[in-house]
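Pasting a structure below so you can have a look.
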Amino acid sequence: MTNEELWKAVLTEMELALSRANFTTWFKGTSLLANNSGALMVSAPNGFVKEWLENKFGKQIFQIIRNLSPEVREIKYIVGNLRPGLPFQKKDLVQFVPDKISEECSDADIDKATNLNKRYSFNSFVVGPSNELAYAAGIAITKNLGKVYNPLFIYGGVGLGKTHLLQATGNLVAASSSNKKVLYIPSERLTTDIIESLKNRTIEDLKQRYLKLDLLIIDDIQSIAGKKGTQDIFFATFNELYGKNKQIILSSDRPPSAIPALEERLRSRFEGGMITDIMPPDYETRLAILKLKSKEKNFEIDNNSLAYIASNIQKNIRELEGALNRIIAFSQVYSKIPDFKEVKKLLAAYLNTPYRKTTHQLILKSVADFYGISLSDLVKRSRKKEIVKPRQIAMFLLREETKSSFPEIGSKLGGRDHSTVIHAYEKIKKEEEGDETIKQELVLIKERIYQTFENV
Ligand code: ADP
Ligand code: MG
């Protein structure tokens, strides 16, 4: 049976089982795409329909297909109108949104006791000039727990490998000696744990749990800024652990000196150990990462294509992986490995997906238009009051909407220091909560930003 016949059979049965309106809503524009050794792929016109097909009708569809074609083991659902076998078309590429392919870790990989994810190891961590210091510090710690570099503080922009490095260090310590107690906590979780235990009056238990550790790893510590209760308890725990030569590792998106509303006593504690950064990877490292990731995924693709991806995605390793995943997903749908020309098209489409289309430029232009000032005024070094506020708003929106690092935002706005950007960000964030006018202005500006790119 061809895919077409198979899907037609499903449609016929579903049409009988459902009301006319229901059938049209959920099955119009669907098709069966690929049939790769027992795995089928069903394409839905949008994410909403995909969810319904998968969750509400998934079982029924599976049964119908199994009756006709017993070798089918699995049905996957994707969004996108692809026509298998035909050459890629720009329209397909833009619409094509693959499911995440094991990009993020699944919960099953997380160890209950340590909260570490086994996926992260040093074997899968590529070392280059951008991260070698941080890497060396991590390795040194595994060999001399609590005796060198305590605390170790690693900072760097989003998607550059902080979490990976922290977890790899924790995993190596846990694996090399079973009597070492390790715990990994994202700092958001630290905060909720502390708040919960204060509420339930179990804070002593929580503290005791931390004090038994040989290695405490806290990820994204910048988010405890301004949270007095969390900082108090963390400070006390930190001191006790530190006093007992127990190892602490922290990560942050910026150095301790640039975390506002971090109490001085904590700041100086962090600065008392080793501070090291992770920078965006250079070309060679990016290429090595892509090679490693495609090998891990058993995906064979020519070096030219990898080189092309590595030279076009520069700032963020998560995005590098995202681009590769998209190419892998596409090759599964078409049952073939895209050649260099096709990779170029796919990447162009990836770089143009809506969330990326909110470019810095678009945000700056929307802010300037909204306040009736020119783009160059917004970016230039003028200190006029009617310019300063829009500029702060621009900084805030650049951070919120693109997740760019503070130094990067500073450079987009006439080479301003990251501390200026942080100050603006914090200020507007506070105003957004308390000041109705600002709140409304932000909503209106965002409407502009997103309207423009939908019309592109
Ligand atoms: P951060 O915590 O800095 O935001 P992550 O550690 O989550 O970044 O890294 C983002 C993705 O990039 C992860 O999937 C991670 O495995 C991968 N990654 C980061 N750095 C490296 C590296 N040096 N080698 C291999 N993979 C890396
Ligand atoms: Mg992280």
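The values are calculated or read from the model by the stated rules, or taken from the named source; none is laboratory data. As the structure is a prediction and not an experimental result, all values here were calculated from the model. Cβ placement follows ideal geometry from the backbone for every residue including glycine, while neighbour counts extend to all protein chains displayed. Heads up: the accessible areas ignore ligands, DNA and RNA and are worked out on the full protein's heavy atoms, side chains in. Shrake-Rupley method; radii C 1.70, N 1.55, O 1.52, S 1.80 Å.
Go through region 233-250 residue by residue and tally those that are within 16 Å of ligand 2 (Cβ to nearest atom) and at pLDDT below 95.
Of the residues in region 233-250, 0 are within 16 Å of ligand 2 (Cβ to nearest atom) and at pLDDT below 95.
Report, by residue number, each residue of region 382-412 that is within 21 Å of residue 369 (Cα to Cα), open to solvent by 10 Å² or more (accessible area, probe 1.4 Å) and touching a residue at least 24 places away in the same chain (Cβ under 8 Å).
391, 392, 399, 401, 402, 412
Which residue out of 367, 379 is surrounded by 19 or more Cβ atoms within 10 Å (Cβ to Cβ) and in contact (Cβ under 8 Å) with a residue 24 or more places away in the chain?
Selected residue: 367, the only one of 367, 379 that is surrounded by 19 or more Cβ atoms within 10 Å (Cβ to Cβ) and in contact (Cβ under 8 Å) with a residue 24 or more places away in the chain.
While we're on this one: Can you work out which of the residues in region 257-301 that are among the polar types (S, T, N, Q) and either within 16 Å of ligand 1 (Cβ to nearest atom) or open to solvent by 70 Å² or more (accessible area, probe 1.4 Å) (or both) is nearest to residue 234 (Cα to Cα)?
The qualifying residue nearest to residue 234 (Cα to Cα) is 257.
Of everything in region 198-219, what is in contact (Cβ under 8 Å) with a residue 40 or more places away in the chain and either more than 17 Å from residue 166 (Cα to Cα) or out of contact with any Pro (no Cβ under 6 Å at 6 or more places or on another chain) (or both)? Give them in sequence order.
Selection gives 214, 215, 217.
Let me ask something additional. Determine whether residue 344 is open to solvent by 70 Å² or more (accessible area, probe 1.4 Å), within 30 Å of residue 41 (Cα to Cα) and touching a residue at least 24 places away in the same chain (Cβ under 8 Å).
yes
Condition first: touching a Gly at 6+ places or on another chain (Cβ under 8 Å) and among the aliphatic types (A, V, I, L, M). Now tell me which residues in region 296-332 satisfy that.
317
Another one. Please pick out the residue among 315, 297, 293 that is more than 16 Å from ligand 2 (Cβ to nearest atom), under 21 Å from residue 164 (Cα atoms) and under 18 Å from the mean Cα position of the chain (by Cα).
Going through 315, 297, 293 in turn, just one is more than 16 Å from ligand 2 (Cβ to nearest atom), under 21 Å from residue 164 (Cα atoms) and under 18 Å from the mean Cα position of the chain (by Cα): 293.
Can you name every residue in region 42-92 that is of a type in the set (Lys, Arg), at pLDDT below 85 and touching a strand residue (DSSP E or B) at 6+ places or on another chain (Cβ under 6 Å)?
Result: 50, single match.
Residue-wise test of (1) open to solvent by 80 Å² or more (accessible area, probe 1.4 Å); (2) without any contact (Cβ under 8 Å) to a residue 60 or more places away in the chain; (3) part of a helix (DSSP H, G or I).
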| site | (1), (2), (3) |
| --- | --- |
| 414 | no, yes, no |
| 419 | no, no, yes |
| 425 | no, yes, yes |
| 433 | yes, yes, yes |
| 440 | yes, yes, yes |
| 447 | yes, yes, yes |
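Here's another thing I want to ask about it. When you go through 174, 140 one by one, which is the residue that is outside any loop (DSSP other than H, G, I, E, B), more than 10 Å from ligand 1 (Cβ to nearest atom) and surrounded by fewer than 19 Cβ atoms within 10 Å (Cβ to Cβ)?
140
I'm trying to understand the selection: among the residues of region 212-232, which are more than 16 Å from ligand 2 (Cβ to nearest atom) and open to solvent by less than 20 Å² (accessible area, probe 1.4 Å)?
Residues satisfying the conditions are 213, 215, 216, 230, 231.
What are the pairs, 6+ residues apart or on separate chains, where a residue within region 226-255 that is farther than 30 Å from residue 429 by Cβ has its Cβ under 7 Å from a residue that is open to solvent by 50 Å² or more (accessible area, probe 1.4 Å) and more than 16 Å from ligand 1 (Cβ to nearest atom)?
Correct list of pairs: 245/147.
Also: I want to confirm something. Restricting to region 178-194 and keeping residues that are outside any strand (DSSP E or B) and open to solvent by less than 90 Å² (accessible area, probe 1.4 Å), which single residue is nearest to residue 241 (Cα to Cα)?
The extreme case among them is 180.
Limited to region 279-302, what total is found for residues that are in a helix (DSSP H, G or I) and either touching a Cys at 6+ places or on another chain (Cβ under 9 Å) or free of Cβ contacts under 8 Å to residues at least 12 places away in the same chain (or both)?
1
Here is a check on your reading of the model: is residue 253 under 30 Å from residue 122 (Cβ atoms), within 16 Å of ligand 2 (Cβ to nearest atom) and open to solvent by less than 70 Å² (accessible area, probe 1.4 Å)?
The answer is yes for residue 253.
Report, by residue number, each residue of region 153-171 that is within 18 Å of the chain's Cα centre (by Cα) and either more than 15 Å from ligand 1 (Cβ to nearest atom) or aromatic (Phe, Trp, Tyr) (or both).
155
For region 149-160, how many residues meet the condition of being in contact with a strand residue (DSSP E or B) (Cβ under 6 Å, 6 or more places away or on another chain), within 15 Å of ligand 2 (Cβ to nearest atom) and in a loop (DSSP other than H, G, I, E, B)?
Within region 149-160, residues that are in contact with a strand residue (DSSP E or B) (Cβ under 6 Å, 6 or more places away or on another chain), within 15 Å of ligand 2 (Cβ to nearest atom) and in a loop (DSSP other than H, G, I, E, B) number 1.
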